[in-house]
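Written below as structure tokens is the structure these notes are about.
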Amino acid sequence: MAAARRRASTILRQQYGTSPHWPALDRALQPVWNAFDTGRVAPVATASTRALLGLLGWRGQIFTSSALPARTGRSERLADLADATGARAYLCGTGGMTYLDHAPCTELGVAVVPFLSPATGLWASGRQVSALRALVFRGPDAVGARFRALAFAHDVLGCAA
């Protein structure tokens with residue numbers, strides 16, 4: 001995993017090292033680089049998720065799916081996990097929409113919301129590049145504010161008027 005750590009950090013530094021918000025991202029990624037030392041993928045995935053959510057100002061609780069009750073079928077598992085965490089909506093990407101059976105979600109009162117990144121502004125190149133691009137060029141505050149605005153507009157967090 002040392003080689004993977006070195007490669008990932010080198011690529012990010014080469015791509016984003018001169019961008020205006022690189023210092024904030026670089027600081028936030030330190031726990032991710034340390035997680036590579038475990039030699040396991042799960043700690044790296046967890047650390048990177050926590051780092052990015054932290055940069056965006058998200059302070060919610062992170063659950064591990066293995067610690068939650070859920071059936072084994074793909075659609076049933078997603079519905080059960082959403083229900084167990086109190087989610088009222090499941091944002092589903094285009095790939096998942098091709099196989100997701102909505103019935104288990106509907107039974108539990110979990111709305112399935114198709115997720116498509118907007119094609120303008122901050123999101124114009126979002127389908128081709130990492131979310132890191134928006135963070136380092138627009139800044140964590142701007143990206144976090146945009147996510148909160150989208151969540152409010154779609155009542156994802158149960159906060160719209």
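Coordinate-derived values only; no laboratory data. Since the structure is predicted, the reported quantities are computational estimates derived from the model, not experimental observations. FYI the Cβ positions are ideal-geometry reconstructions off the backbone, even for glycines, and counts take in every protein chain you see.
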Within region 47-95, list the chymotrypsin sites (Phe, Trp or Tyr not before Pro) lying in a DSSP loop whose Cβ has at most 12 other Cβ atoms in a 10 Å radius.
Phe63
Sum of side-chain charges, Ala35 neighbourhood, beta-carbon under 10 Å (Lys, Arg +1; Asp, Glu -1)
+2
Given (1) 16.9; (2) 17.7; (3) 16.1, which label gives Kirkwood radius over Cα pairs in Å as computed from the coordinates?
(2)
Computed helical MRE - 222 nm, the chain, DSSP H runs ≥ 4 contributing -39500 (n - 2.57), nearest 500:
-15000 deg cm²/dmol
Those trypsin sites (Lys or Arg not before Pro) in region 1-52 that DSSP places in a loop and that have at most 13 other beta carbons within 10 Å:
Arg40
So, in nm, how far is label Val113 from label Ser130 when the simple model puts each one 7 Å beyond its Cα toward the Cβ?
2.7
In nanometres, the difference between 0.36 nm per residue of separation and the alpha-carbon distance of Ser65 and Arg77 is 3.4 nm
Report the local net charge at Ala4: Lys and Arg +1, Asp and Glu -1, summed over other residues whose C-beta lies under 14 Å from its C-beta.
+3
Residues of region 58-85 with amide N under 17 Å of a point placed 7 Å along Cα→Cβ from Ala103:
71-80
At 7 Å along the Cα-to-beta-carbon direction for both Asn34 and Arg148, put a label point, then send me their distance in nm to one decimal.
2.7
